[in-house]
Amino acid sequence: MFCSKCGTNLPDDAQFCLKCGHALTGTLNTDIPTASSPEAKSEPLITPAAPTDAPTVSIPNVPNANIGTFVFASFAVLSLVVSFVKGVVPIFIIEAGLWAVLAWYWNRKKPKSQAATAIVLLLAVVVVAAEGYSLLQKFGGPNYTYLQQGNAQFRVDNAAGRTDRLTTTGWTAVSFDKPPETIAVGDLIFGLSLNNGEWDPILKQICFDASNNSDFVLQNFTIVVSLNPKPADDNPFDDIVTLKGYGGGLLDKGKSSLFCGPAPKTYPAGSTTWSYVLSGGSGWKE
């Protein structure tokens, strides 16, 4: 068929002219009218309809994602978290403030170049790696500082407040930065093994080979000694013996050492035997 306005040849199912935009409605004549034809004189080829405006579609304006603002704000939050984890460290609070200022500046300027985005992403990788390493040191295991004093080598775990000394059997705890706690007998009875008990009448001391499989680093432990038969003047309060590491050392977890304490009385001669009962101790739980 043909457009009644400009004569352009159109597909049979066209709704409007592809050239002039004239709306094609009503009954169409597919023949081209001529000036001498009766149809051209008597009536128009089509019954024109009132033109209608094509509907318009509004597309919302979606701004580009401001990746720099998000990244810098995340750095500020991460720095605050690290600061609180490490015990409110001022340097991390200052760092959080600097990241917050950068986030505000980036949001205001809104740079969207590919170079700026690449720099921000690279910075994000570096900062996340550094902060992650810092948190890993806090929670991932001990972080030691090694010291040398003469021929003795020490290591300090600041997080645990513990100092170890290198011996022939490995690292052994020698001190803590907090006082020891009292250990109930129930926490030691299955974890502390005492063997080869000896009451030395000459040195007037009682010694044991102690093996520590408890949850504590032991400073000392106490036993109650009994004689059989009991002496006539036996006083049970005099039979409590506190044993300490031979040479003053601590007994670390999983280690064995000689522990000795002063005998409560002179060991009687003859057929007298002695026994003991563990009554508690002191040390540090880790």
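The values are calculated or read from the model by the stated rules, or taken from the named source; none is laboratory data. What you are looking at is a predicted structure, and each value in this text was computed from that prediction instead of being measured. Reconstructed Cβ throughout: ideal geometry from the backbone, glycine too, with neighbour counts over all protein chains shown.
Structural remarks
- Residue that is nearest to the chain's Cα centre (by Cα), among those in the stretch 157-209 that are in a strand (DSSP E or B) and of a type in the set (Asp, Glu): ASP157
- Any hit, the stretch 49-65, residues being modelled with pLDDT under 80 and surrounded by 13 or more Cβ atoms within 10 Å (Cβ to Cβ): no
- Lone unmet requirement of (1) at pLDDT 90 or above; (2) surrounded by 12 or more Cβ atoms within 10 Å (Cβ to Cβ) for ALA159: (1)
- VAL224 fulfils the conditions (1) in a strand (DSSP E or B); (2) more than 16 Å from GLY280 (Cα to Cα) except for a single criterion, (2).
- Count - residues of the stretch 1-37 that are modelled with pLDDT of 65 or more, assigned to a loop (DSSP other than H, G, I, E, B) and not polar (S, T, N, Q): 17
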